[in-house]
Amino acid sequence: MRCPAYGVFTVTPSDLRPDPIIEIENLGHSYDDTPVLHGIDLTVQQGEIFGFLGHNGAGKTTTIHVLTTLITPTSGTARVCGFDVVGQRLHVQRNLGYLPENVRLYDSLTAAENLRFFAKLSGVEDVPAAIDDALGFLDARELADRRVGTFSKGMRQRIGIAQAILHKPRVLFLDEPTSGLDPMGVRQLRETILRLNADLGITIFMNTHLLSEVSRVCTTIGVLAEGVLIYNDSLAATLQRFPDEASLEDIYVRLEDR
Amino acid sequence: MSATVAIARQHVQSLARRQTFVLMLAVLLLMTAVSGFIGWSSHSTIIRVYDETVRTLKAAGKPAPPNPFATKPHLSLLNNMIIYVPLIGALLAIVIGHLSVMDDRHAGVTRVIFSRPVERSSYFWGKVSGSAAAIAVIMAACLALSVIAVSLINSSIPTASEFLRLTLFYALSGTYLLIFMLIGVVTALLLRSQSMALLAAVAVWVLVTFATPQLTSGLRPVASLNPVTDPVAVSHSPFFKATSKAKPISVNDQYKALSTRILTEGSSAKPANSAAKLAPIVVLGLLLGGWASLLVKRHDFSEEAARD
C-alpha cells in the first residue's frame, strides 16, 4: 500500500507478522558503581505501540539509550530489528529513529537546514524529497524556512519527529514525547503517533508518564520500577486482568505498590 | 565521509549565525585594519619628521642621514598583527572550538547525532575541519585587509614576494590559532558547564599568552606582548635561569619570533631555524588534537543537555 502523504510503500496491519523487533535479554546497566537496570527481559513485536511506564529514575531513559546505541550495557543483550546493539551498532542505527526528551535542535538553523543535516547523517540519498515527505506527513511544510529558535514547543516536536522519520526507520523511540506540550500539542502528537504506526508501519517504543495517553495510544505496556521490569502485557489483557480498577492510573499504582 | 562534511558544514553555518562569533570576528577584522592604519600613521609621521630634519640639515649645510624606511621591509608596518592574533584571534579560536561541542550539547542534539550511523571519528573530524575552515576564512579576510593596507601605505600593490610572505604569516597564524580552537574543544568536552568550560579555556590562553612568555624571558615586562628579540639577558635568579630554558617550547614566543622573521626579515631567515621554531606549535597542536579525539571517542554523549 502506498501512503499518499509520505510517498512510500507502507505496511498495513495485515502485513505485519508477529516478529520481535526489539529483544532484550537479561539487560543490566550501571553508572559507575550504581546499578540502574537489573536483568530486564522484554520483547516488543513489530507494529506495536509500546508504552514504557515508570516513575522518574526507574531506568526508562537508560533502556532507550541502550536500545539507541548511545550507551553500552554492562550486562545482557539487546537486539533491534534483529541486530545486536553493541556488535552491529550501525545496522541498528540505520533502522531506528529517536526523539529524546526536550530536544531543541539547532535554534540558529531553519527547520529545513536542521532536517538536511540529520538526513545527511542518516545517509538519505534524495535529501530534498525526504524532507518534503516528512514535513508533508506532519503537516509542517510551512515551517521549513523558519528558524527553529522561533518555534513553540509543539512546532519543535513536529520537526523533531520529522528528523526521526526522515530515513524511514522501522522502529521509533520517543522519550517522554508529551513533556512540556499543551493539551492541543498532546492531542496532535497522539494523532501523529497513531498515523506513524498505522500508515507507515513504524513500531513505536515510547517512554511516558502520561497514562491517559498510554491508554489511548499504546497496544502494549511495560512497567519498570527501580530498574526491574515488573509488568509487561498488551493493554487489552491488562485491562481484563484488573477489572476492579477504574483506570490505567489505578492499575499502574497497584502494580507499583506490588 | 559525507557525515564528516555534513557536520563541518553545520558547524560553519551555525557559527556564522552566532552573535558572539560575529562580534569577535568583527573586532579582529577591525584590529587588522587598525594595524594597517597604525603602520601607515607611524610611517607618515616618521617620513614627515625625516623630511623636516633633512630640510633643516640642508639649510645648515650638513649631510642628511638616509631615510629610515628606505631599508625597512614594507610588511614590518603590519607588526601589530603579531600582537593582535595571539590576543583577539586566539580568543576567537577558543570560541569556535568551544561552540563546536557546546552548541550540540546545549541543544541536546548529540544524543540524536549518535543515534544515527555516525562514527565518533567522523564527528571529531567534522568539528575540527569545520572549525579549521572557519579559521582559514578569517585568516583569508585578514590577509585581504592586510594587502589593502600595505597597498595604501606604499601606494603600490605588494610584490609577489611580499604577498607570499603575508600569506605565509597568515598560514602560520591559522596554525597557531588551531591550538586555541582545540583548547576550546578539550575544555568543552571535559567540563559540563558552559561558563566553566569557557573560563578554563581562557585560563589556558592566559597561561600560554602571558604567563609562559613572562617566565621564559625572565619577567621582562614587554616580552609577553612585543615581538622583539631579547635586548637584555634574563634575570639572574636561579628560578628565571631555569624557566628561561623552557623558551624553545613556549609556543607564543615561537609564534612571535617566526612572525617577526616572516614580516621583517623575509628571505634572510634560515629555514632550519624556522622549522625548529615551528615544531613546538605543530607538536602542541597534534597533542591537543589527539587528546580531543580521545575525549570524543570516550565521551558519554547520552548525558543531558549542558548547563548554562
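Computed from the coordinates by the stated procedures, all read-outs in this text should not be read as laboratory data. In this text, all values refer to a predicted model and were calculated from it rather than measured experimentally. Using ideal geometry, Cβ is built from the backbone for each residue, glycine included, and neighbour counts are taken over all protein chains shown.
Numbers at a glance
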quantity: Span from the the range A:208-234 Cα centroid across to the the range B:1-64 one, whole angstrom; calculated: 65 Å
quantity: Peptide A:163-171, shielding by other chains (average Cβ, 10 Å cutoff); calculated: 1
quantity: Most fluctuating residue given options B:Y123, B:Y170, B:Y50, as computed from a GNM of chain B linking Cα atoms under 10 Å; calculated: B:Y50
quantity: Packing-based ranking, highest mean first, of B:92-99, B:206-213, A:101-108 given that Cβ atoms within 10 Å are counted; calculated: B:92-99, A:101-108, B:206-213
quantity: Folded to 0 to 90 degrees: helix A:183-200 orientation relative to chain A principal axis, Cα; calculated: 90 degrees
quantity: Debye log10 I(q)/I(0) for the range B:1-61, one point scatterer per Cα, at q = 0.12, 0.17, 0.20, 0.30 Å⁻¹; calculated: -0.57, -0.75, -0.83, -1.06
quantity: Förster radius 45 Å - calculated FRET efficiency between B:R17 and A:E245 (Cβ-Cβ, nearest 0.05); calculated: 0.30
quantity: Cα-based convex hull volume of the protein assembly as shown per residue, rounded to whole Å³; calculated: 182 Å³
quantity: Length-normalised contact order for the range B:1-156 - Cα pairs under 8 Å, 6+ apart - percent; calculated: 49 percent
quantity: Relative contact order, percent, chain B [alpha-carbon distance under 8 Å, six or more residues apart]; calculated: 25 percent
quantity: Over chain B: helical MRE at 222 nm, DSSP H runs n ≥ 4 each giving -39500 (n - 2.57), nearest 500; calculated: -23000 deg cm²/dmol
quantity: Expected 222 nm ellipticity per residue - DSSP helices of 4 or more, -39500 (n - 2.57), all of chain A, to 500; calculated: -10500 deg cm²/dmol
quantity: Alpha carbon centroid spacing (whole Å) that separates the range A:168-190 from the range A:104-167; calculated: 15 Å
quantity: Most mobile listed residue (A:D32, A:D244, A:D175) in chain A, GNM with C-alpha springs under 10 Å; calculated: A:D32
quantity: Relative contact order of chain A, defined on C-alpha pairs under 8 angstrom at six or more residues apart (%); calculated: 25 percent
quantity: Mean Kyte hydropathy of 1.0 or more with a Cα span along the axis of at least 15 Å, helices from DSSP in chain B; calculated: B:120-154, B:160-190, B:194-206, B:271-298
quantity: Test item: B:112-125 mean partner chain Cβ contacts at 10 Å; calculated: 6
quantity: Gyration tensor (alpha-carbon) shape descriptor, the range A:47-127, a/c threshold 1.5; calculated: oblate
quantity: 0 to 90° range, to nearest 10: angle between helix A:153-165 axis and chain A longest Cα axis; calculated: 90 degrees
quantity: Whichever lysines have a C-alpha closer than 24 Å to that of B:K245, once near sequence neighbours (fewer than 8 apart) are set aside; calculated: B:K256, B:K270, B:K277
quantity: Mean shadow area of the range A:92-232 over all directions, Cα convex hull, nm²; calculated: 8.7 nm²
quantity: Proportion of all alpha-carbon pairs of chain B beyond 35 Å (%); calculated: 29 percent
quantity: Chain A pair-distance distribution - Cα-Cα, 10 Å bins, rounded %; calculated: 7, 31, 36, 21, 5, 0
quantity: Percentage, to the nearest whole number, of Cα pairs in the range B:54-153 over 17 Å apart; calculated: 69 percent
quantity: Alpha-carbon Debye profile of the range A:179-258, log10 I(q)/I(0) at 0.11, 0.13, 0.20 Å⁻¹; calculated: -0.32, -0.45, -0.99
